[in-house]
Structures are given as structure tokens and as C-alpha cells.
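Beneath this line is the structure, given in C-alpha cells, with notes to follow.
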Amino acid sequence: MKMLQDNNVRGIAYMLAAIAMLSSSDAATKWLAPHYSVVQIFFLRAVIGLLPSVAFTLIDNGKAGLLPRSISLHLGRTALMLTAWGFFIVAIRDLPLADTYTIVFGAPLFMTLFGRVVLRERVSRERWIAVCLGFGGVLIVFHPSGVGLGPAVLFAVAASIAWACSTIVSRKLGQVERSSTILFYYMLLCFTATAPFVSSHWTPVEIEHYGAFFLMGIIGCIGHWLLAQAFRYGEVSLLAPFEYSGMVWAIIIGYWFWADVPTPVMLLGASIIIGSGLYMAKQESKLLRTASRMETDDGALIEKA
């Protein structure tokens, strides 16, 4: 019991760090997006991240780390992540950004549900409350206008479901593979998937953008390793609410780099999102203390006997 609680705490820490890193990488992507195609950006991100991922894998587990134990899970995870990204791009062509993000950020709800159904995780009342509170905060932040049920909305829902499914595969993969190996194959498969199409979408890279590309690749590489670590240790239903912390980073980064001043409504939503994560952390801390006391009491009873 105590080992499970310790792993969940480690999973939360890794998830928070992963979201911070991936949010920073997304900021670099936003900076580059007006100048380059999405295919080129993701291709170069994979190219830049591939070499560090190889080095990290060799350091972590030697040449054995380059040999997958389940190539099918690696393929499935990468395919689901790319599918989620593809559906998101299709949806955002026709939907306002706020509406698309609101639908896609429903992923933690699907993550919690799939964690219960597929992985047979016990989803406590506290976890459901935290997920629903976090999603409520997202709704407040984006206050969608409501566009009805159309093809673009269905694509956004599909993106949300694909991302949630990828987290389930990540959890399963983390039980049989080291995080460095997961990172390596994600970068390798992303490179393989985008390489055939990049030539038709290529734009010469300006010198002033080299730094942003490098930053995006390295931070993204670290972020995906941390994400793999998070799902290796923490239960999916537990980690789901902490994905909402990306909203907080989006507000901070938007204000710092683009002078986007958060509105009172946005700050209210962000507060609810933070509160849902803190509520979950507090509940898990209580469970950890309870488990520790039970083990201590059991040990004392055994000694007396």
C-alpha cells in the first residue's frame, strides 16, 4: 500500500514537471507557427530530440534500451498521439480556439473513465471531484459560445478521446519499458511518420529561428521523458486532474511573451484548476499518512505478538 502511494506521489511530481516543459515547448511552437508548416515543425522537433533521446537511452540502459519489449505498444502510442494532433488541427480550422480547447481539455475526464474501465483502477470519489472541478475551471476560462454539433466538433471530441487513449497505452507501456526507451521510440516514430511529407511543406529556416527550434526540440524531449515517467509511476485517473495545470502555464507564458493580460474570468478559472490539483494532492497525502500509520500499527502488533 505504501509503495503504491509513494509511486502516485512521484507520478504527480513527474506529471507537473512534464506539463511545465511541454507548455514551454508549445510556446516555442507558437512562436514558429506563423513562419513554418506544422509538419516541418514537428519533423524538426523529432530530429532535434532524436539524438539526445538515443544518448539518454544508452546512458540509462545501454544498447539493451534500444531494443523494444513491445513494439506494438510503441506504435500504438505514437499513432494515437499523432492522431490526436491531426484531429485537433482539422477541428481548429473551423472552430474558434476557445471552443476547440474546451472540448479537447475534456481528455482528463476520458482518462479517468478509461483508467477505470481498461486498467481497472479504483477511481475514488475525490478523484472524480478533482477531475470535474478542473474541467469546470477550463469551461470558465474559455467560456465557449456553443457552436452546435457539427463535423469540427466531432473532430475535436475525437482528438480528446485519442489523447486519453494514448495515456492508457502510456501507462501500459510504462509497466514494461523504461522511460528512456519510450522517449527514443516516440522520437524515432515521429521522425519516420513526418519525413515522407516534410519536403512538400519545407520552408528554409531563418537564422533567428534556430534558437527557438533548438529550445522546442530539447525541452519537448525532456517533457516527453517526464510524461513517460509520470504514467510509469502514477495511476491515470490520479494524474488526469494535474494535466489542467497546463492552463496555468498558458496564462503565465502568454502574459510574459505576448503581453496577453488575463481577464478576471480567466483568473477565476485558473484558480479553480489549481484548486482541483491541490485538492487531489491533499487527498493523496491523507491516504499516504493513513497507509503509513496502518503499517506502523501492524508492525507494532506483530512485535507485541
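The numbers here are math on the coordinates, done by the rules we state, and not lab data. Note that the structure is a prediction, hence the values are computed from the model and not measured.
In order along the stretch 226-235, phi translates into HN-Hα couplings of 5, 5, 5, 4, 4, 6, 6, 9, x, 6 Hz, rounded to whole numbers, per the Karplus curve 6.51 cos²θ - 1.76 cosθ + 1.60 with θ = phi - 60° and x for Gly and Pro. Couplings 3J(HN,Hα) for the stretch 159-171, derived from phi with the Karplus relation 6.51 cos²θ - 1.76 cosθ + 1.60 (θ = phi - 60°), are 4, 5, 5, 4, 5, 4, 5, 5, 5, 5, 5, 4, 4 Hz, where x marks Gly and Pro.
Between Val38 and Leu267, the contour length at 0.36 nm per residue exceeds the alpha carbon distance by 79.4 nm.
Listed values for the stretch 202-207 are Karplus-derived 3J(HN,Hα) couplings in whole Hz (6.51 cos²θ - 1.76 cosθ + 1.60, θ = phi - 60°), namely 7, 10, x, 7, 6, 4, and x replaces Gly and Pro. Taking amide H as placed 1.01 Å from N in the peptide plane, Tyr36 has no amide H partner under 5 Å among residues 5 or more places away or on another chain.
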